[in-house]
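The structure appears below as structure tokens.
Only the coordinates and a few stated rules stand behind these numbers; no lab work does. Everything numeric in this text was worked out from a predicted model, so none of it was measured. Neighbour counts are summed over all protein chains in view; Cβ atoms, including those assigned to glycine, are modelled from backbone coordinates with ideal geometry.
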Ligand code: HEM
Ligand SMILES: *[C@@H]1O[C@H](CO)[C@@H](O)[C@H](O)[C@H]1NC(C)=O
């Protein structure tokens, strides 16, 4: 090879290398993934609007905050935080909301109020997946929980995962091994799981999810004082599906996200079998005790676990879409 062609060869090599770097840069620009304050240029008021809407809704209906918190689990733990949870049934597909694992979920129509308020300011910019996660974050604060800084930039999926719910979401009577395994698959460790179940410090559980611990005979692991209350609230072995019969998850401070849940479950007042197992299983019990003693430790682990959950496998960049309405995928022309 002559020196001229050698030079040409190197010049070409350098050119192609720099070209590849340029393209890599471009790719990153198109898809930064999840980042803090993703909407700072495209909709700087987005997070304030969501916070204000969550606050207004909470003033009218306190239980909206329970729903925003539960939504993070039910959307993000099922493959991806992509707001698939919010899609209504269509002629061809069943909504996740209709499945038994979503039993008792409520307030979905108020998510549309938040979305509409954001759309009025910045139409077509902010995803329902981000609204779901941020309303969860602000709901946690409304309930007296910690403020958790969370990234944004999620985009919305187009399909329901109704048929996959059981594969991802544990049942109320699941064994602790299965529960730990399901969460570990998305990077949440044992203290993280113990902290997340602290969400059952607020809200309610319907009798249908509890009667197997009361009838035909009472689960001897239950605190007798609590049994009396549960039997009073759930007087029928087969609850009338139309009657709204439920027990509050934490009788002491039912509206506050606090570590009272851990004291309850250590006192055998856990409502669901999974709550009870958490306080008994030797893998989780040490963390339950620690969280029962320290609200600060509970909040620290809760914040860490919510962050991981909220970043589970999101659609970013040009994947997915920005839904116009949270309950329906956009029409394709
Ligand atoms: C092993 C995991 C879990 C199981 C089996 C489970 C199951 C349930 C069940 C059966 C209910 C009662 C629904 C009803 O009867 O109305 C419930 C309520 C609730 N769950 Fe969970 N859950 C789990 C984890 C979580 C996590 C990780 C969160 C949030 C981070 C969460 C948040 C809530 C909230 C806030 C409520 C009360 C909802 C309301 O009152 O509207 N749960 N859960
Ligand atoms: C859990 O409870 C459901 C009813 O909600 C029941 O069908 C199922 O068999 C129970 N599973 C176990 C493992 O006991």
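Taking the longest Cα principal axis of the chain as reference, the axis of helix 46-60 is set at about 10 degrees. Compared with the direct C-alpha span, the chain from residue 289 to residue 229 gains 19.1 nm at full extension, assuming 0.36 nm per residue. Entry for the chain at q = 0.14 Å⁻¹: log10 I(q)/I(0) = -1.12, Debye formula applied to identical alpha-carbon scatterers, no solvent contribution. Here the residues 166, 228, 301, 119, ranked from fewest to most Cβ neighbours within 10 Å of their Cβ, fall in the order 228, 166, 119, 301.
Compared with the dominant principal axis of the Cα atoms in the chain, helix 64-76 is inclined by about 60°. Taking the inverse of the mean 1/r over every pair of distinct Cα atoms in the stretch 113-267 gives a Kirkwood hydrodynamic radius of 18.5 Å.
The stretch between residue 109 and residue 297, if pulled fully straight at 0.36 nm per residue, gains 64.2 nm over its current Cα-Cα span. Cβ crowding within 10 Å ranks 34, 87, 196 as 34, 196, 87, fewest other Cβ atoms first.
Neighbouring Cβ atoms within 10 Å as the yardstick, rank 274, 208, 202 fewest first.
Numbers: 274 21, 208 18, 202 27.
So the ranking, lowest neighbour count to highest, is 208, 274, 202.
For the chain, the longest principal axis of the C-alpha atoms and the axis of helix 128-142 are separated by about 50°.
Subtracting the Cα-Cα distance from 0.36 nm times the residue separation, let me have the gained length for residue 332 to residue 37 in nm, one decimal.
Details: separation 295, 0.36 × 295 = 106.20 nm, distance 2.90 nm.
Answer, rounded to one decimal: 103.3 nm.
Taken over the C-alpha atoms, the stretch 176-308 has Rg and Dmax values of 14.9, 41 angstrom.
Ranking request for peptides 186-195, 51-60: highest mean number of other beta-carbon atoms within 10 Å first, then the rest in descending order.
Values: 186-195: 20.3, 51-60: 16.6.
Ranked by mean Cβ neighbours within 10 Å, highest first: 186-195, 51-60.
From the square roots a ≥ b ≥ c of the eigenvalues of the alpha-carbon gyration tensor of the stretch 46-168, which class results: rounded (a/c under 1.5), prolate (a/b over b/c), or oblate? The shape class here is prolate. Summarising the label geometry, the points placed 7 Å from Cα in the beta-carbon direction at residue 30 and residue 55 lie 4.0 nm from one another.
Approximating the spin labels as points 7 Å out from Cα along Cα→Cβ, the residue 92-to-residue 324 distance works out to 1.9 nm. Springs between Cα atoms under 10 Å define the GNM used for the chain, and in it the highest mean-square fluctuation of 111, 49, 238 occurs at 238.
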